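Note sheet for the following structure.
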Amino acid sequence: MTAELATIEAVTATTAATRTRTILLVDDEENILAAMRRVLRREGYQILTAGSGQEGLELLAAHPVDVIVSDQRMPNMTGVEFLRQAKVTHPDTIRIVLSGYTELQSITDAINEGAILQVSHQALG
């Protein structure tokens, strides 16, 4: 989680001082969302959480978001599928996928097309 936090810090450093930086966390497991929320809230971020890709898309439509951190394995819509859709509507938002599994081909394809910028092995579960 330290590397992800450093990436988020570096990328969101240019956000206007008048607006709190916002991170959207997307995971179908509430305990993972709670752990990430605890870590990132201490850093002063506004935290939005979604339990699915669809819910994440709805939050993106309603709120300005600087960084998206999404789990890969979720029902109905994978993290890569969600981040591909997020890229279309929010191309300047930083997109990070977390995966506790090896799904190398789908994640590699998403990186190559620019849908995600960073992959991290999920160490919170």
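The values are calculated or read from the model by the stated rules, or taken from the named source; none is laboratory data. What you are looking at is a predicted structure, and each value in this text was computed from that prediction instead of being measured. Note that we place each Cβ from the backbone using ideal geometry, even for glycine, and neighbour counts take in every protein chain shown.
Mind checking which strands (runs of 3 or more DSSP E) fall wholly inside the stretch 1-107 and carry at least 1 residues that are modelled with pLDDT under 90 and buried (at least 21 other Cβ atoms within 10 Å of the Cβ)?
Of the strands (runs of 3 or more DSSP E) lying wholly inside the stretch 1-107, those with at least 1 residues that are modelled with pLDDT under 90 and buried (at least 21 other Cβ atoms within 10 Å of the Cβ) span 67-71, 94-99.
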When you go through (1) touching a helix residue (DSSP H, G or I) at 6+ places or on another chain (Cβ under 9 Å); (2) at pLDDT 65 or above; (3) not acidic (Asp, Glu) one by one for Ala110, which number turns out not to apply?
(2)
